[in-house]
Amino acid sequence: MHMEQLNHHNPEYVTWKYEEMLFALLGGIRIEGLHSMKVTLKIDFKTFPSIRHGLDLYNETQVEKLVKKTAERFTLSTTYVHNAVGNLINTVEDYRLQQIDSNKGLSLTKGKPTLTKEEITEAENFLKQQNLLQQTNDCIGKSGVIGEEVNRLIMYLVFTSRKTNRPLHIISFGSSGVGKSHLQEKVGELIPKEDKIELTSVSGNAFYYYVDDDLGHKLILIEDYDGVFAALYPIRELQSKQKISKTITVRDRNSNTRTLHLTVKGPVSIGGCTTNEHIYEDNANRSFLIYLDESEAQDERVMDYQRKLSAGKIDITEQQRIQRLLQNSQRLLQPISVRNPYAEELIIPKEVFKPRRTNGKSGDTDHLNPVIADQEND
């Protein structure tokens, strides 16, 4: 019996040979989702016409249909074809497990970039300034965020809360084309790359296959809530409980079924955009809500910036320097315990939707000190 290793020179056309049978996995091999092995196969044998078939290789009924179809097409015994497909499943399964282990090792070694002494000094001096919030807001503007002075600062502070044990969340509302995604993207550029995950679409199960605490203290940016509709439940659970869990069944290489319990830990801070306020009500009441400036004055500010950018009158190098400064400042921040002496006097209006959840946003005691970066002086 002659079997080759997987040939994934082209990741979208992975091939594997079993004696004279050539299997090609069209579209490559999905690593995520150990509970299934969905593939699109192309099978060639000698000069016979090819077979193309999409199936889940962990679905016994679908595999049996594939075996029967292949045996009939190529005039082979079902036992022979069954052995070939079984070895293919084992080979792909081993490859997926190896890749998951490799990615896990990579995620454990991937950390913050090493800052130079000059970068550390510059970031510390910035964080020790008087009127830090105003200075920060000015820098956000200099980094390329036009207008939206209040919204951009709120968003930056919410994104910064990812470092705490009870992060905050934010949703941006506004008409189509008003710049919701642009504002989130530009403020998101001020957060270190290693601390954020940007999503345009995601399946309902995707969050369950992150490794251990890969999401811990991360910022998750959702370009449009419509693109993650299937994942709204795990997103809400991450917001409320800081972790999600799921039990699935998988088959090992001997076709034995076993139970696998998946738990992914946060906490996370989540930012997203949408035009549909009422559709995402359950997610919105867990978040701070901001409405973008749709005034003519803001339109003119944005268009004036666009004209200057086209004319080469915007200093892009300076914008990038400001971005790096704020990113490095973020890397130095550490959570501290804060007590609000006025917490008992806060009263939530009766008309507020979900008052208990809203009140909880003001009662957290684990925050970042926005003024003092050097904790020894606190």
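Read-outs: derived from the displayed coordinates by stated rules, not from any lab. Computed from a predicted model, the values in this text were never measured in an experiment. Glycine gets a Cβ as well: all are built from the backbone with ideal geometry, and neighbour counts include every protein chain shown.
Structural remarks
- Within the chain: Cβ-based charge dipole about Cα centre, in debye rounded to nearest 20 (Lys, Arg +1; Asp, Glu -1): 1000
- The phi-based Karplus calculation (6.51 cos²θ - 1.76 cosθ + 1.60; θ = phi - 60°) puts the 3J(HN,Hα) values of the stretch 235-243 at 4, 5, 5, 4, 5, 8, 10, 6, 7 Hz, whole numbers, x for Gly and Pro.
- Cα-Cα pairs of the stretch 118-194 separated by more than 15 Å (percent): 61
- Projecting the Cα atoms of ALA84, SER310, SER161 onto the charge dipole of the chain, computed from C-beta unit charges around the Cα centre, puts ALA84 farthest toward the positive end.
- Cross-link pairs LYS128/LYS186; LYS142/LYS308; LYS196/LYS243; LYS17/LYS46; LYS128/LYS180 - those with Cα-Cα distance over 22 Å: LYS128/LYS186; LYS128/LYS180
- Each label was represented as a point 7 Å from its Cα along the Cα-to-Cβ direction; for ARG307 and ARG258 these points are 6.8 nm apart.
- Per-residue ³J(HN,Hα) for the stretch 174-180, Karplus 6.51 cos²θ - 1.76 cosθ + 1.60, θ = phi - 60°, Hz, x for Gly and Pro: x, 5, 4, x, 7, x, 4
- Chain lengthening between ARG356 and GLU20 when straightened (0.36 nm per residue, less Cα-Cα): 114.3 nm
- Residues of type aspartates and glutamates that LYS265 reaches as a straight line, Cα spacing below 20 Å, ignoring anything fewer than 8 places off in the same chain: GLU32, ASP101, GLU194, ASP195, GLU198, ASP212, ASP213, ASP214, GLU237, ASP364, ASP366
- Estimated 222 nm signal from helices in the chain, with DSSP H stretches of n ≥ 4 weighted -39500 (n - 2.57), rounded to 500: -12000 deg cm²/dmol
- Placing R0 at 56 angstrom, the Cβ-Cβ distance between ILE348 and GLN320 gives a FRET efficiency of 0.85 after rounding to 0.05.
- Over the chain, the fraction of Cα-Cα pairs per 20 Å bin, rounded to whole percents and listed from the shortest bin up, is 23, 44, 26, 7, 0.
- Whole-Hz Karplus values for the stretch 300-313 come out as 5, 4, 5, 5, 5, 4, 4, 5, 5, 5, 5, 7, x, 9 Hz, taken residue by residue from phi with 6.51 cos²θ - 1.76 cosθ + 1.60 and θ = phi - 60°; glycine and proline positions read x.
- GNM top mover of PRO267, PRO355, PRO335 - the chain, alpha-carbon springs below 10 Å: PRO355
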